[in-house]
1. Only strands (runs of 3 or more DSSP E) wholly contained in region 1-82 count here; list those with 2 or more residues that are modelled with pLDDT of 90 or more and more than 22 Å from D96 (Cβ to Cβ).
2. Are there any pairs with C-beta distances below 8 angstrom linking a residue in region 142-162 that is on the phi > 0 side of the Ramachandran plot to a residue that is surrounded by fewer than 16 Cβ atoms within 10 Å (Cβ to Cβ) and of a type outside the set (S, T, N, Q), with the two at least 6 apart or on different chains, and if so which?
3. Which condition number in (1) in contact with a His (Cβ under 9 Å, 6 or more places away or on another chain); (2) under 26 Å from S54 (Cβ atoms); (3) among the acidic types (D, E) is the one that E137 fails?
4. Looking for something surrounded by 12 or more Cβ atoms within 10 Å (Cβ to Cβ), farther than 21 Å from C35 by Cβ and modelled with pLDDT of 80 or more - is there at least one such residue anywhere in region 86-98?
5. Is it true that L160 is of a type outside the set (V, I, T) and more than 26 Å from L45 (Cβ to Cβ)?
6. When you go through (1) surrounded by 14 or more Cβ atoms within 10 Å (Cβ to Cβ); (2) at pLDDT below 95; (3) of a type outside the set (D, E, K, R) one by one for S126, which number turns out not to apply?
7. Among the numbered criteria (1) touching a helix residue (DSSP H, G or I) at 6+ places or on another chain (Cβ under 9 Å); (2) over 24 Å from V50 (Cβ atoms), which one does R106 miss?
8. Within region 122-151, track down each residue that is out of contact with any Leu (no Cβ under 6 Å at 6 or more places or on another chain), part of a strand (DSSP E or B) and small (G, A, S).
Amino acid sequence: MVGQAAKPQRAVPGSLLASAYWNSPEKVSNNIFNCTGAKVVADSLGIVHVIWSSEHHAGSTYEYKLEHRKYSNGAWSKSFVIVEGNDASVVPATPDFDVVIDSSGRVYVFWLIHHQTQGDKICWRSLDKSGWSAIEEACPAGQFEKIQSFDAVLGKRDALHLFVSATLPHDL
């Protein structure tokens, strides 16, 4: 996965964009996994967070990861694994995830889990100045029969909203 950080741009009156400066492409992910899907958010201080999913196939075994890096003061942080493994009850089996950042710079990462026997669920964790939170469930298994998609949105006063498109269980 390759990421670029933009240098400041100058606008000249009467011109849409006088000039733009870009860094050379930089490899963000250095692992052997197949990286799919990336989301990027930036806070009010200009700190950029990139989150991506990856999967690795070893025979009949699959291992999944969601990873994070941030770009601050002209340098990328080391990669942090948000969640990994082959346990389908915790780890995403698809690249379905979303990222939002609030006004204080707290990053929220949500991911969808399709589980054959337990049902679909959405898990999340957040990053603030003290580090990453524990993994929690936003939509527990069994609440929906099948989750097709979801979006995380911040509202007024950083109120976090999760919009879910899903099929309800047959017994409701």
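1. 61-72
2. G142/P169
3. (1)
4. The answer is no, given that none of the residues of region 86-98 is surrounded by 12 or more Cβ atoms within 10 Å (Cβ to Cβ), farther than 21 Å from C35 by Cβ and modelled with pLDDT of 80 or more.
5. Spelling it out, it is not the case that L160 is of a type outside the set (V, I, T) and more than 26 Å from L45 (Cβ to Cβ).
6. Every condition holds for S126 apart from (2).
7. Going through the list (1) touching a helix residue (DSSP H, G or I) at 6+ places or on another chain (Cβ under 9 Å); (2) over 24 Å from V50 (Cβ atoms), R106 breaks only (2).
8. Correct list: S126, G131, S149.
The values are calculated or read from the model by the stated rules, or taken from the named source; none is laboratory data. Here the structure is a predicted model, which is why all the values come from computation and not from measurement. Positions of Cβ are backbone-derived with ideal geometry, glycine not excepted, and every protein chain shown enters the neighbour counts.
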